[in-house]
Ligand SMILES: Nc1ncnc2c1ncn2[C@@H]1O[C@H](COP(=O)(O)OP(=O)(O)OP(=O)(O)O)[C@@H](O)[C@H]1O
Ligand SMILES: [Mg+2]
């Protein structure tokens, strides 16, 4: 469903992506791992329409979408839960979720209400907290809300940027098992993580990025067993 070909992205003079190419099939969970500054967030940002690539192609279900604006990408079913969560602290949980569906609220209020229910089924910990200001939630609940808001766009492709950051291991496990459940619904997920172990457990395939390039790709099992990966990433998984 997604083909990325030879993608170059610059932030000013800094080249953040260098000739990045990969494919993702429908219903896969693909993990992207790599050190700080490797270009992981830039790649997700380019897929979500936040950064315009200088070179290369992004094909979504065969359609060229590189350089299209974020609103367009949302309408194409691409939804990003960004690294810093970016939920609205003073708004309630419910309003944050509704914002994820803003582009189709007028079209189908009933559907949106149903989707709120589905999202709360997926994250039962948010239930009963619909009218709480999002800023008063724990880090784990805020992350669930950020993912839930992403899901409210009814995405075909969900992009998650480091959902485990700052969370206790138990909460990380809960979020990862939710992703496994989501996969069953047919959503395609690209999961950026510095928590390599957690990401490789839930993903089917993984890409390793270094300095703007994909230096290794394979099944999650292969990547997990790769000696270079073990030394560079598995020995010092970021402990939250
Ligand atoms: N807005 C920006 N302006 C200038 N340079 C940027 C900007 N955003 C990222 N960069 C640079 O681009 C490169 C890739 O950054 P990016 O945030 O994509 O990496 P990352 O793999 O997501 O890192 P992290 O694990 O720390 O989130 C880095 O060298 C970074 O300093
Ligand atoms: Mg990042």
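A short reminder: the numbers here are calculations on the coordinates, not readings from a lab. It should be emphasised that the depicted structure is a prediction, and the values quoted were computed from it without experimental measurement. Note: ideal-geometry Cβ built from the backbone for every residue, glycine included; neighbour counts use all protein chains shown.
Compute the helix-to-body angle for 169-184: its Cα long axis versus the longest principal axis of the chain, expressed 0 to 90° and rounded to tens.
90 degrees
Which residue fluctuates the most in the chain, going by a Gaussian network model with Cα springs under 10 Å, if the choices are 217, 138, 164?
138
Roughly speaking, what % of Cα-Cα pairs in segment 81-215 are separated by over 17 Å, rounded to a whole number?
For segment 81-215, the fraction of Cα-Cα distances above 17 Å is 58 percent.
Which residue, 80, 157, 216, has the most motion in a Gaussian network model of the chain that connects Cα atoms within less than 10 Å?
216
Return the tail of the calculated pair distribution for segment 1-99, meaning the percent of Cα-Cα pairs more than 20 Å apart.
Here the tail beyond 20 Å accounts for 42 percent of pairs.
Compare 214, 29, 189 in a GNM of the chain, Cα atoms joined below 10 Å, and give the one with the largest fluctuation.
214
Would you mind computing Rg(Cα) / (2.2 N^0.38 Å) for the chain, counting N as its residues?
For the chain, the normalised Cα radius of gyration is 0.98.
Extending each Cα 7 Å along its Cβ direction at residue 104 and residue 86, get the distance between those two points in nm, one decimal.
2.0 nm
Could you state the angle between the C-alpha long axis of helix 109-122 and the longest principal axis of the C-alpha atoms of the chain, as a value from 0 to 90 degrees rounded to the nearest 10?
70 degrees
Only helical DSSP H runs with n ≥ 4 go in: add -39500 (n - 2.57) per run for the chain, normalise by residue count and round the 222 nm mean residue ellipticity to 500 deg cm²/dmol.
-9500 deg cm²/dmol
Express in whole angstrom the spacing between the alpha-carbon centres of segment 1-55 and segment 192-219.
Between the Cα centres of segment 1-55 and segment 192-219 lies a distance of 13 Å.
Beta carbons within 10 angstrom, averaged per residue: use that to sort the peptides 191-199, 108-116, highest first.
Taking the mean over residues of other Cβ atoms within 10 Å, the ranking is 191-199, 108-116.
Using alpha carbons only, how many degrees (0 to 90, rounded to 10) separate the axis of helix 139-151 from the longest principal axis of the chain?
It works out to around 90 degrees.
Could you work out how far apart the two model spin labels at residue 168 and residue 5 are, taking each label as a point 7 Å from the Cα in the direction of the beta carbon, and quote it in nm?
So the label points at residue 168 and residue 5 sit 4.9 nm apart.
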